[in-house]
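One structure is given here, and the rest of the page talks about it.
The values are calculated or read from the model by the stated rules, or taken from the named source; none is laboratory data. Treat the numbers as computed from the prediction; the structure is a model and nothing was measured. In this analysis, Cβ positions are derived from the backbone assuming ideal geometry, glycine residues included, and neighbour counts consider all displayed protein chains.
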Amino acid sequence: MQSSKYRFNSNKKKKWPIVVTVIIGSILIIVPVIWIGLHNWNLDKSVAALNLEQQTGDPSPIIPESTDKLDKQTGDENQEVGADPSEKPVTPVAPDKPSEEPKESPKPPVEKPANNMYEPNQTYPKTPTIKNGIVVANKKYPLPIDYNKGEDLIARAAFNQMAAAAKLDGFELVAFSTFRSFERQETLYNQYVEKDGQQAADQYSARPGYSEHQTGLAFDIGEKNFEQHWAAASFGETPAGEWVAQNAHLYGFILRYPLGKEQVTGYMHESWHYRYVGVEPATDMFTHKQTLEEYLDL
Ligand SMILES: [Zn+2]
């Protein structure tokens, strides 16, 4: 009886070292496992972090931060790519096209340079060239320097009518650039020449006196809240841009510089640049796929 009681007590006493060993052993295993786990289960990183900790006394910097940055980067990218198509119903364009296209000054297409139609020693006329009642401004026919009528009221009224019709179809059109004076064009053109050189600038910007914007009849059209497509080729690919291309003539506007007519107009394709000429001429040109140069035989 006594011996069994003694044995029990002695057993209880002998268990303590085992428990202590197990606890210490567990700590020795769990701590490295947690440490490696904190470093994405990467043994090299864990060892590197351990070395760093020994040097600086701060285990947290470098490694956890770098993985965090990576997460943020991919997160931002996904957000941008994901947000765009859900926000605007844009028909698929070449994905890198919009980012390549600068928003303010359009770049000339490399493969199809527009014809340089400027006459070598052209002088500015005293009166504008008017044919079939249509004021002309192109690379052959400049405007007088002091031709400064401002935005044309009839053209503006026609644009407002078109914008109202577009709104019924779900597009809010804006004319982000209309009348430009000789002086304003001079400033713009000189900036483009400085930036891209004269040869390149001549393909997408008019020299002062040669811009259709000086007539007050040219309207650069875009969609409200979609500034990324303003003055960009991508506007033509958007539903709003397609709507304008199909309906502008009903309100007297023509797409002034169409694709494939670079040699005729002297300018690269501009999906946003419309010119008011009146409903009948506009409808004629639209139906026969003619430019103003072809229609007026300039
Ligand atoms: Zn324009």
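Values computed for the structure shown
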item: The stretch 187-200, subset without any contact (Cβ under 8 Å) to a residue 12 or more places away in the chain and in contact with a Pro (Cβ under 9 Å, 6 or more places away or on another chain), residue nearest to ALA155 (Cα to Cα); result: THR187
item: Hey, GLN161 polar (S, T, N, Q), more than 17 Å from VAL136 (Cα to Cα) and either surrounded by 15 or more Cβ atoms within 10 Å (Cβ to Cβ) or touching a residue at least 40 places away in the same chain (Cβ under 8 Å) (or both) or not; result: yes
item: Matching residues in the stretch 150-202 - criterion: being among the aliphatic types (A, V, I, L, M) and part of a strand (DSSP E or B); result: LEU173, VAL174, ALA175
item: Candidates LEU188, LEU173, filtered to the one that is within 14 Å of the ligand (Cβ to nearest atom) and buried (at least 16 other Cβ atoms within 10 Å of the Cβ); result: LEU188
item: Cβ-Cβ under 6 Å pairs, at least 6 apart or on other chains, the stretch 201-220 side at pLDDT below 95, far side within 12 Å of the ligand (Cβ to nearest atom) and assigned to a loop (DSSP other than H, G, I, E, B); result: GLN203/MET268; TYR204/PRO106; TYR204/MET268
item: Residues (farther than 25 Å from LEU153 by Cβ and more than 15 Å from the ligand (Cβ to nearest atom)) located in the stretch 203-226; result: ASN225, PHE226
item: Count of the stretch 236-257 residues which are free of Cβ contacts under 8 Å to residues at least 60 places away in the same chain, within 16 Å of the ligand (Cβ to nearest atom) and under 23 Å from GLU151 (Cα atoms); result: 6
item: Flag if GLY266 is modelled with pLDDT under 95 and either within 14 Å of the ligand (Cβ to nearest atom) or of a type outside the set (Asp, Glu) (or both); result: yes
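Each row is one residue, and each column tells you yes or no for (1) among the β-branched types (Val, Ile, Thr); (2) part of a loop (DSSP other than H, G, I, E, B).
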site	(1), (2)
GLY241	no, no
VAL244	yes, no
ASN247	no, no
GLY260	no, yes
HIS269	no, yes
ARG275	no, no
PRO281	no, no
